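Written below as structure tokens is the structure these notes are about.
The values are calculated or read from the model by the stated rules, or taken from the named source; none is laboratory data. Quick caveat: nothing in here was measured; it's all calculated off a predicted structure. With ideal geometry, Cβ positions are generated from the backbone for all residues, glycine too; neighbour counts draw on all protein chains shown. Protein only, heavy atoms only, side chains kept; ligands, DNA and RNA dropped before computing areas. Shrake-Rupley method; radii C 1.70, N 1.55, O 1.52, S 1.80 Å.
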Amino acid sequence: MKEDSGPAAGPAIAVEGLHKSYGDVHAVNGVSFTVERGEFFGVLGPNGAGKTTLIEIMEGLRSADSGSVSVLGRSPWPRDTSLLPRIGVQTQASAFFVRLTAAEHLETVAALYGRDRKRARETLELVGLTDKAKTLVDDLSGGQKQRLAIASALTHEPELIFLDEPTAALDPQARRNLWEMLREIRTEGRTIVCTTHHMEEAESLCDRVAFVRAGEVIALDTPASLVRGLNAPTRVLIPTAQLTPEQAKGLEGADEVATEGLSTVITTRAVGRVLAAVGGLTELQDVQTRTATLEDVYLELTGTEYQA
Ligand SMILES: Nc1ncnc2c1ncn2[C@@H]1O[C@H](COP(=O)(O)OP(=O)(O)O)[C@@H](O)[C@H]1O
Ligand SMILES: [Mg+2]
């Protein structure tokens, strides 16, 4: 009998009490969580936090020292070849068949999984590399190589996809195209586990995120809940030419008033009242409001300088 027979068969991933050390470095220090099927799950945290180690254990590329891992109902270690066609892996350091063109590389990968050239071409199109089909892999730019690595993880249409900093080398346009693509893949019911340093990306793509610091999961929730949990005030920015700090100080609901560059900045927990009051004094057209984002959660949790 098959151990796992479809979508109803438990979570996509379950890790429990995971530990992994490299010599003195405790890279993963007692991690437990579950990723549901169809979920877009983010793993966030500073460099060296243990994200890649954690992902590679789930991928079956590394063994854990202790703890248990279940991926699509099976144990990825010792190596389980039946999992290979069901998962797609983009590692942080990708390898290619260097003497091949982009299309040939992808056709080779597709062939390994019993998929045809047509599917390889479709995947190339999906990551926006059709015009580079005939370019040698070695001659691709960093961002193009990264897209090819992602295509290599997707061409066999796996149920579960691991992406380790997929947008790291991409320019803003390529990054947005990739987000769009990942959103689409998600609507097909696939499960995605993704690490990133881009909080905006995580906030817009992930159903839930786990913040990792020094090998431990220090927070795990939906981006919205994590942001709400900060209970941070809203900042209202008005050009100082339209509203001076002195005027702002008298407004109902203003907790704090400061100037930043050419703006008067009101910090408030009653943004509706402040906007109503500001609206009575000046045009609201030039007024900006800033609420907390996942980046603020990152700063609060990791206590480190945010680096995109
Ligand atoms: N193969 C390895 N040998 C020794 N130490 C490693 C190895 N891989 C990672 N580390 C160490 O383990 C810690 C976690 O690394 P990693 O999992 O790559 O973190 P992240 O992906 O969050 O940057 C770091 O201190 C790193 O230096
Ligand atoms: Mg890493």
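Strands (runs of 3 or more DSSP E) fully within the stretch 229-306 that include at least 2 residues being closer than 30 Å to Thr196 by Cα and of a type outside the set (A, V, I, L, M): 234-239, 288-290.
Quick one: which residue in Leu44, Leu72, Leu61, Leu54 is within 12 Å of ligand 1 (Cβ to nearest atom), under 16 Å from Arg86 (Cβ atoms) and in contact (Cβ under 8 Å) with a residue 12 or more places away in the chain?
Just a single option satisfies the conditions, and that option is Leu61.
When the stretch 62-98 is filtered for residues that are under 24 Å from Tyr22 (Cβ atoms) and in contact with a Lys or Arg (Cβ under 6 Å, 6 or more places away or on another chain), the ones remaining, listed by number, are Ala64, Asp65, Asp80. Pairing each residue of the stretch 75-104 that is in the same structural domain as Leu178 (by TED's automatic domain parsing) with any residue that is part of a loop (DSSP other than H, G, I, E, B) and aromatic (Phe, Trp, Tyr), provided the two are 6+ apart or on different chains, yields C-beta distances under 6 Å for Pro85/Tyr113.
Selection over the stretch 272-292 of residues that are surrounded by 16 or more Cβ atoms within 10 Å (Cβ to Cβ) and under 30 Å from Arg175 (Cβ atoms) gives a count of 2. Taking Gly128, is it out of contact with any Ser or Thr (no Cβ under 8 Å at 6 or more places or on another chain), open to solvent by 50 Å² or more (accessible area, probe 1.4 Å) and of a type outside the set (Phe, Trp, Tyr)? No; evaluated as a whole, the condition is false for this residue. The condition of being under 20 Å from Pro158 (Cα atoms) and either open to solvent by less than 10 Å² (accessible area, probe 1.4 Å) or in the same structural domain as Val209 (by TED's automatic domain parsing) (or both) holds for Val35.
Selection over the stretch 188-202 of residues that are touching a residue at least 40 places away in the same chain (Cβ under 8 Å) and either surrounded by fewer than 19 Cβ atoms within 10 Å (Cβ to Cβ) or aromatic (Phe, Trp, Tyr) (or both) gives a count of 3.
Among the residues of the stretch 171-178, is there at least one that is within 16 Å of ligand 2 (Cβ to nearest atom) and of a type outside the set (A, V, I, L, M)? Among the residues of the stretch 171-178, not one is within 16 Å of ligand 2 (Cβ to nearest atom) and of a type outside the set (A, V, I, L, M), which makes the answer no. Right, Ile185: open to solvent by less than 50 Å² (accessible area, probe 1.4 Å), part of a strand (DSSP E or B), farther than 18 Å from Glu295 by Cα and in contact with a strand residue (DSSP E or B) (Cβ under 9 Å, 6 or more places away or on another chain) or not? No, not satisfied. Annotation: Pro233 fulfils all but one of (1) under 28 Å from Trp179 (Cβ atoms); (2) modelled with pLDDT under 95; the unmet one is (1).
Just one of (1) over 28 Å from Thr52 (Cα atoms); (2) surrounded by 15 or more Cβ atoms within 10 Å (Cβ to Cβ) fails for Leu106. It is (1).
What pairs come out if I take residues in the stretch 163-182 that are over 12 Å from Ile150 (Cα atoms) and without any contact (Cβ under 8 Å) to a residue 60 or more places away in the chain and pair them with residues that are away from ligand 1 (no atom under 16 Å from the Cβ) and outside any helix (DSSP H, G or I) whose C-beta lies under 6 Å away, six or more apart or interchain? Listed by first residue and then by second, the contacts come to Asn177/Gly128.
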